[in-house]
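Notes follow once the structure below has been shown.
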Amino acid sequence: MGDERSSETPAYDPAAEVVDLCRDLIRMDTSNYGDHSGPGERKAAEHVATLLDEVGIESQLVEGTPGRTSLVARWGGSTGDPLLLHGHLDVVPAEASDWQVDPFSGEVTDDGYLWGRGAVDMKDFDAMLLSAVRARARAGAVPERPMVLCFTADEEAGGHHGAEVLVNDHPDLLADCTEAVGEVGGFSATVRGQRVYLIEAAEKGMAWMRLTARGRAGHGSMINRENAVTELAAAVGRIGAHQWPVRLTPTMEVLLASIGQLAGVDPTPENADALVEELGGTARMLSAVIRNTTNPTMLGAGYKVNVIPTEATAHVDGRFLPGHEEEFFETLRELCGPGIEIDFVSHQQPWETPYDGALVDTMTRSLLAEDPDAMVAPYLMSGGTDAKHFRKLGMRSYGFAPLRLPDDLDFMSLFHGVDERVPVDALQFGARVLDRFLGEA
């Protein structure tokens, strides 16, 4: 249990600063281009360190590469094992000419949205957490459970210069944490008029792959049966067109059972796609978590139109379900065929945490205290987060960045998308929910 304020209206406002905190973070360009050419995260990490220092929380900055800065701080009491609360400070790049507003302006529009790169991925969670923590620290409402606050670099490029550095080079900062909470979960979707909050309890594995075909160079006017471009193109075509079968993991079985209850049907692999579609815009992502996926994303070959090159390459973004890695790679090798080499740009394992226990109960209570008529269910995330690294230290992990969203908002399209924005009242809702969660976790 937590402090005495956890079950009643707090004597402080945990959402008082959340909009300003989020706006200030958005205005710090932390674009991650994947090659260290961006501005890095140090300015943002130093800003977070200052915010924590103002309320008496000391922090430590960690860099594996200059400018790629993560922050770790300890806070809370001494009852129980520490809980890791983690968010990342980097964002994907944004092309300003594509946006209605400057993506780094942090503009609040008349319709009640805060705009900017990172508004939903994931400076919103950073701000909600900081707002709740700072309010509690000022009020002396320190949770009984010890907390590790972690703000990382490089999540958008696989976390190799952020969370992975912490896990591999500084495990002492995190090793006693038994549970972790970060992105992406706790947001709402609407099914047949019923609001459902989705807590992340699993992630697909990641296989970013480079495929290489090698052949015989020659003149473009002559017959060549060993053309690397032809071999590679055929393999890429097969991979892109492959229809992966439905595979339901325990997490998705629970979610589809909840949706089936609302839709009045029993979930089966045959109606899984139809049940996912009940979630509206969220189906954009969830349709990818009932099957493995492979998407060709880059092609490269040659240097002159009349020269057949020796080599051709392609990049493929592969994602595989927990428990289905062997099937994924066996099928991929068959689709590639002989002579295609497969190398990994990044290879990270999937994970799935049982949707049970005290922490799940606390997340559920915290949401329902602010939205009593809602439902709460787990889901499996199609992308990857820093949880993949932190779980190497044995933590049970969940995604819980609570947002109560309008029914008509296509939330999934905002991740890495143009005109990324978050409702102001959703930020305030999330700060209140996280405050309750901190008090009881």
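Here are the numbers for this structure:
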item	result
Members of region 29-70 that are closer than 28 Å to Val360 by Cα and either crowded, with 23+ Cβ neighbours inside 10 Å or out of contact with any strand residue (DSSP E or B) (no Cβ under 8 Å at 6 or more places or on another chain) (or both)	Val48, Ser70
Hits in region 155-198 - residues which are buried (at least 24 other Cβ atoms within 10 Å of the Cβ) and β-branched (Val, Ile, Thr)	Val181, Val184
Candidate set from region 128-143 (those that are in a helix (DSSP H, G or I) and in contact with a strand residue (DSSP E or B) (Cβ under 8 Å, 6 or more places away or on another chain)); member that is most open to solvent (accessible area, probe 1.4 Å)	Ala137
Every residue from region 235-254 that is open to solvent by less than 30 Å² (accessible area, probe 1.4 Å), within 13 Å of Asn295 (Cβ to Cβ) and assigned to a helix (DSSP H, G or I)	Val236, Ile239
Residues of region 9-47 satisfying the condition of being of a type in the set (A, V, I, L, M, F, W, C), out of contact with any Ser or Thr (no Cβ under 9 Å at 6 or more places or on another chain) and closer than 22 Å to Ala73 by Cβ	Leu25, Met28
Condition check for Leu367: on the phi < 0 side of the Ramachandran plot, open to solvent by less than 20 Å² (accessible area, probe 1.4 Å) and over 19 Å from the mean Cα position of the chain (by Cα)	yes
Residue within region 199-211 that is open to solvent by 10 Å² or more (accessible area, probe 1.4 Å), at pLDDT 95 or above and in contact with a Ser or Thr (Cβ under 7 Å, 6 or more places away or on another chain) present	yes
Counted residues, region 394-435 - those being open to solvent by less than 40 Å² (accessible area, probe 1.4 Å), over 18 Å from Ala189 (Cα atoms) and of a type in the set (A, V, I, L, M, F, W, C)	3
Of residues in region 266-293 being open to solvent by 10 Å² or more (accessible area, probe 1.4 Å) and not in a helix (DSSP H, G or I), the one nearest to Thr249 (Cα to Cα)	Arg291
Every pair of residues 6+ apart whose Cβ atoms lie under 6 Å, when the first sits in region 167-184 and is in contact (Cβ under 8 Å) with a residue 24 or more places away in the chain while the second is surrounded by fewer than 21 Cβ atoms within 10 Å (Cβ to Cβ) and among the β-branched types (Val, Ile, Thr)	His170/Val62; Leu173/Val72; Cys177/Val148
Some residue of region 169-184 being under 27 Å from Thr293 (Cβ atoms), more than 13 Å from the chain's Cα centre (by Cα) and not in a loop (DSSP other than H, G, I, E, B)	yes
Pair list, Cβ under 9 Å, 6 or more apart: region 300-316 residue closer than 20 Å to Ile239 by Cβ, other residue open to solvent by 60 Å² or more (accessible area, probe 1.4 Å) and modelled with pLDDT under 95	His315/Trp208; His315/Val345; Val316/Trp208
Residue tally, condition surrounded by fewer than 18 Cβ atoms within 10 Å (Cβ to Cβ) and modelled with pLDDT under 90, over region 384-393	0
Residue within region 311-318 that is of a type outside the set (Val, Ile, Thr) and outside any strand (DSSP E or B) present	no
Members of region 284-317 that are touching a strand residue (DSSP E or B) at 6+ places or on another chain (Cβ under 9 Å), among the charged types (D, E, K, R) and over 30 Å from Pro378 (Cβ atoms)	Glu311
Residue ID - farthest from the chain's Cα centre (by Cα), chosen from residues in region 297-314 that are surrounded by 17 or more Cβ atoms within 10 Å (Cβ to Cβ) and of a type outside the set (Val, Ile, Thr)	Pro309
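Here's the yes/no breakdown for (1) in contact (Cβ under 8 Å) with a residue 60 or more places away in the chain; (2) in contact with a Leu (Cβ under 7 Å, 6 or more places away or on another chain); (3) hydrophobic (A, V, I, L, M, F, W, C):
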| residue | (1), (2), (3) |
| --- | --- |
| Thr362 | yes, no, no |
| Asp373 | yes, no, no |
| Val376 | yes, yes, yes |
| Tyr379 | yes, yes, no |
| Asp386 | yes, no, no |
| Lys392 | yes, no, no |
| Arg404 | yes, no, no |
| Asp407 | yes, no, no |
| Phe415 | yes, no, yes |
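The values are calculated or read from the model by the stated rules, or taken from the named source; none is laboratory data. Keep in mind it's a predicted model, so treat the numbers as computed, not measured. All Cβ positions, even for glycine, are placed from backbone atoms using ideal geometry, and neighbour counts span all protein chains on display. Accessible surface areas use protein heavy atoms only, side chains included; no ligands, DNA or RNA. Shrake-Rupley method; radii C 1.70, N 1.55, O 1.52, S 1.80 Å.
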